[in-house]
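First comes the structure, then the notes that go with it.
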Amino acid sequence: ASSIERIVEATGAIVSQSCDIACEKGVRNLPEAKLALLEAALLHERTKMSSLSDGSCSHGPVMGDWVKVPHSPLAGDCFSFHLPLHRALARSILCFCSAIVPAEERSENPNNWWRLPLLDDDDGFASDDTTADGIMFKPDSLSSLVRSTHKSSNFRVVWSSGPECSTPEAQLRKSRSRLMSSLLASTKVVHSLCDHPLRCIAASQQIDHHMWAKNGASIAGMALNYGSIPLCRSLRDLDLTMVQMSACGFNVGLGARRVFALLSNRFSLENYLCDPDRKNSFGRVAWVKPPRMQEPEHPELLAESFF
């Protein structure tokens, strides 16, 4: 563990950039080398949080920087304004936040009285404790809550030494893949708590700017109800609340930096913030602009909605 820690400390940024996991659909095959890379990067995150954590802030999902969920309704991906569970959670959190905390409790616990149970608990991920299996990091607090909804596996590990192994090695393999799959599943849930409401907000702005004209008048009516009084109080306002709470950086939130990156992606603006790349095509090196929207007036409209 110490040798891995030293290696990752020296190349932490490179390791994190190499750990991107595209989460589209189905179960992915994961090479053993990739699993080892994820474990090393998680160890680096734990070490970093142990040195920075003072108990006054939450770290959000540990794998939040690595999970990539491509989605673009303009490119034909499925989309729905119907998110009853997300909005029920948003309303429940708002009701919980309206509760009055007694002054005695504030004075007795000045650093943590504002924390929301589960949503902002310190899950001890950054601690130095190990589990009975010798695993070097703990699952986050959300994993135990959503474990019953997990798939059997988010990925299958392709072991380099083949399926034949001793019983202790088989148990260690199962523990490693189970923990990583559980962390990935809970990170997907955290990502969806912000992403799905954000998709609705972005789509309503696209519809308002006539980017969904081929879908007819019915979708325009949905967007009108979504953003207009009185229905907006049960639709758009609750979606915006979920995005804001995720940006606040709860343990079940993405944090401001990740939410801003997701905002620019869902509003199709991230490629306008990138520099051209030097690419070699048929022996010629040229500057290539990142892919952008087909209609030149759409980015300006979406940029106004974005801000």
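Within segment 224-237, count every residue that is within 21 Å of Ser72 (Cα to Cα) and either open to solvent by 60 Å² or more (accessible area, probe 1.4 Å) or free of Cβ contacts under 8 Å to residues at least 60 places away in the same chain (or both).
Step one: of segment 224-237, the residues within 21 Å of Ser72 (Cα to Cα) are 224, 226-227, 235-236.
Now restrict to residues that are either open to solvent by 60 Å² or more (accessible area, probe 1.4 Å) or free of Cβ contacts under 8 Å to residues at least 60 places away in the same chain (or both): 224, 227, 236.
Total satisfying the criteria: 3.
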Self-check item: Residue in segment 270-307 that is nearest to Leu118 (Cα to Cα), counting only those that are part of a loop (DSSP other than H, G, I, E, B) and either of a type in the set (Asp, Glu) or modelled with pLDDT of 85 or more (or both)
Solution: Phe307
Quiz item: Mind checking whether some residue in segment 114-137 is farther than 18 Å from Pro31 by Cβ, at pLDDT 80 or above, open to solvent by 40 Å² or more (accessible area, probe 1.4 Å) and in a helix (DSSP H, G or I)?
Solution: no
Practice problem: Could you tell me whether any residue of segment 269-288 is free of Cβ contacts under 8 Å to residues at least 12 places away in the same chain, of a type outside the set (Gly, Ala, Ser), touching a Ser or Thr at 6+ places or on another chain (Cβ under 7 Å) and surrounded by 14 or more Cβ atoms within 10 Å (Cβ to Cβ)? | Solution: yes
Exercise. Please go through segment 68-94 and pick out each residue that is touching a Cys at 6+ places or on another chain (Cβ under 8 Å) and among the basic types (Lys, Arg).
Key: Lys68
Exercise. Select from segment 238-267 the residues that are of a type in the set (D, E, K, R) and in contact (Cβ under 8 Å) with a residue 12 or more places away in the chain and write down the one among them that is nearest to Phe81 (Cα to Cα).
Key: Asp239
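Could you tell me how many of the residues in segment 66-75 are open to solvent by 50 Å² or more (accessible area, probe 1.4 Å) and either closer than 21 Å to Leu235 by Cα or in contact with a helix residue (DSSP H, G or I) (Cβ under 9 Å, 6 or more places away or on another chain) (or both)?
Residues in segment 66-75 being open to solvent by 50 Å² or more (accessible area, probe 1.4 Å) and either closer than 21 Å to Leu235 by Cα or in contact with a helix residue (DSSP H, G or I) (Cβ under 9 Å, 6 or more places away or on another chain) (or both): 2 in total.
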Quiz item: Restricting the search to segment 76-98, which residues are open to solvent by 80 Å² or more (accessible area, probe 1.4 Å) and without any contact (Cβ under 8 Å) to a residue 60 or more places away in the chain?
Solution: Cys78, His82, Leu85, Cys95, Phe96, Ser98
Quiz prompt | Residue list for segment 289-307, restricted to those being under 14 Å from Ser264 (Cβ atoms), out of contact with any Cys (no Cβ under 7 Å at 6 or more places or on another chain) and open to solvent by less than 50 Å² (accessible area, probe 1.4 Å) | solution = Met293, Pro299, Leu302, Ala303, Ser305, Phe306
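The values are calculated or read from the model by the stated rules, or taken from the named source; none is laboratory data. What you see is a predicted model; the values in this text were computed from it and never measured. Quick reminder, even Gly has a Cβ in these numbers, built from the backbone with ideal geometry, and neighbours come from all protein chains shown. The area values use the complete protein model at the heavy-atom level, side chains included, leaving out ligands, DNA and RNA. Shrake-Rupley method; radii C 1.70, N 1.55, O 1.52, S 1.80 Å.
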